[in-house]
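Comments concern the structure below.
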Amino acid sequence: LNDLYRYLSCVEKDVFAPADFTSSRIDNTEGTDDKFPAGIIYHYEINSDSDKYIPYANLITNTESGATLYMNGEPCIAYSKEMAPSMVRVLSRNGKATLDLVFTGPNASEAEVVDAQIYNLDLSILDEAVTAIRSTCDEIKYSFDEVYSITSGECKIEANNNVAGNRLFISIPYDKGWQMKDWTLDDQYDLIEDTFFSVPIELGTTSITMY
């Protein structure tokens, strides 16, 4: 994401930076700590200035058998299973937050966090990057029909007051099968970081329908 923001804004700064945190693995299979179910706990203490940063965490595990993520001592979400979210925004209180990933069941001792990715979103750098992006954007009008369905969805985009040679960034993740119509440059789109569409726009108005 840092590379994406640099590409779009030309601001050579990291929007996300590693957060200050400590971690420990706690064997609670006997249920000694009654704040959590009996099992294996991966505990994280995060320091983050609430006025400057928003922390995010992505805990990569070696299993999809399921776990429960606790945030500041409270159950947050089901984790480490198919279709469960992996990136979570961490609620910081007075500059501190805790995360506890609790594995339960007969195979809990075999589950582990293989990589804890905890980052701070720097709000001042984000504001700088967004301001730079907006300063180069054309006026965009957009509408969605059944955007929640990739197979039957359709997205209509109209860019106005264009300057020829500019490009339109479309924050819809690329997926095999997307096609474009009502657009004369349909073979000239690029993918940013293999994820988002970037298309050339023409003088005046460019209309694109994605389906």
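Couple of notes before you dig in:
- Cleavage-rule hits, trypsin sites (Lys or Arg not before Pro), segment 23-55, DSSP coil, Cβ neighbours within 10 Å at most 15: LYS35, LYS52
- Among LYS96, LYS13, the sequence by solvent-accessible area, most first, with a 1.4 Å probe is LYS96, LYS13.
- Note on segment 1-103: Rg/Rh from C-alpha atoms, Kirkwood Rh, equals 1.04.
- For the pair segment 88-133 / segment 1-20, the C-alpha centres are spaced 17 Å from each other.
- FRET efficiency, 1/(1 + (r/R0)^6) with R0 45 Å, evaluated for ARG25 and ARG134 via beta carbons: 0.50
- Loop-located chymotrypsin sites (Phe, Trp or Tyr not before Pro) across segment 43-120 with a Cβ neighbour count of 14 or fewer within 10 Å are lacking, with loop assigned by DSSP.
- Shape of segment 47-117, Cα gyration tensor, a/c cut at 1.5: prolate
The values are calculated or read from the model by the stated rules, or taken from the named source; none is laboratory data. Values in this document were obtained by computation on a predicted structure and should not be read as measured data. Cβ atoms come from the backbone with ideal geometry, glycine included; neighbour counts cover every protein chain shown. The protein model used for the area step is the full one, side chains on, heavy atoms only, and it has no ligands, DNA or RNA in it. Shrake-Rupley method; radii C 1.70, N 1.55, O 1.52, S 1.80 Å.
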